[in-house]
Amino acid sequence: MARALQAFLLAFRDLDNPCVLRVLAQSLALTLLIFIAAGTAIFFGARWALAHWQWLGADGLDMAGILIVLVLIAGSWLLFRAVAIVVVGLFADGIVADVEGRHYPAAAACACDVGWRQNIALALASLGRLIGGNLLALPVYILLLVTGIGTPIFALLVNALLLGRDLEAMVLARHPDRPQFDRSARWSMGLLSAASFVVPVANLLAPILSAAMAVHMLHLRNGDPKK
């Protein structure tokens with residue numbers, strides 16, 4: 001955990017770099033666009049279905065519209081992590097290459113180029129793990145609802161495991177010759193990343209921060225000279 005904390009702090013210092021800020025702006029804009037487009041389509045689609053099938057009167061239709069908006073807001077909060085990680089995955093190589101180039105130039109010089117196809121494949125694999133892992137954990141989530149706090153804690157642990165794997169795959173794509181992270185390193189990295197997603201405002205920075213942290217984690221582990 002100590003190495004993960006060190007990597008997290010180093011990543012935090014990278015947030016003011018122009019390249020990182022550019023990727024942050026691009027990823028947030030694309031994430032927002034996805035939510036707006038999907039939310040608009042769902043809202044008007046649901047309103048049209050209710051009006052077309054005449055399930056509700058005029059007053060009921062207005063109340064249903066308000067309920068749909070509230071559900072969309074709640075859903076956006078819950079799905080932000082999934083969409084943000086997938087979107088950042090599309091720009092991941094730019095973040096990883098920039099952080100490596102500035103801090104670990106020797107390692108960056110021998111890194112493999114990661115193209116758009118591989119970035120998309122990594123992003124889709126991340127989404128698949130997220131959906132599959134949380135579906136498997138769903139019965140436990142439901143059982144823990146009676147505890148009040150058990151469900152969010154267990155969700156944090158599950159998503160820490162998933163994020164650790166995602167971040168490892170992201171950085172090892174440029175260094176396929178490097179060994180995989182050990183279980184404790186992957187776990188601590190994923191836990192810090194998952195925790196940053198549940199903090200309001202900080203969760204907007206979490207995807208970029210997590211990617212930069214994974215870079216530092218990889219090179220600190222391998223003892224690469226830091227510039």
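The values are calculated or read from the model by the stated rules, or taken from the named source; none is laboratory data. Bear in mind that the values here come from a model prediction, so they are computed numbers and not experimental data. Glycine gets a Cβ as well: all are built from the backbone with ideal geometry, and neighbour counts include every protein chain shown. Ligands, DNA and RNA are stripped out before the accessible areas are found, and what is left, the full protein with its side chains, is counted by its heavy atoms. Shrake-Rupley method; radii C 1.70, N 1.55, O 1.52, S 1.80 Å.
May I ask for the Rg/Rh ratio of region 93-136, computed from Cα atoms with Rh as the Kirkwood radius, given to two decimals?
1.17
Kindly state, to the nearest 0.05, the FRET efficiency for R178 paired with V146, given R0 = 41 Å and r defined as their beta-carbon distance.
Computed FRET efficiency for R178 and V146 comes out at 0.40.
Enter the accessible area per residue of region 92-155 (Å², integer; probe 1.4 Å; all protein chains in place).
56
What's the ranking of 148-155, 160-167, 10-17 by average number of surrounding C-beta atoms within 10 Å, highest first?
For the peptides 148-155, 160-167, 10-17, the packing ranking is 160-167, 10-17, 148-155.
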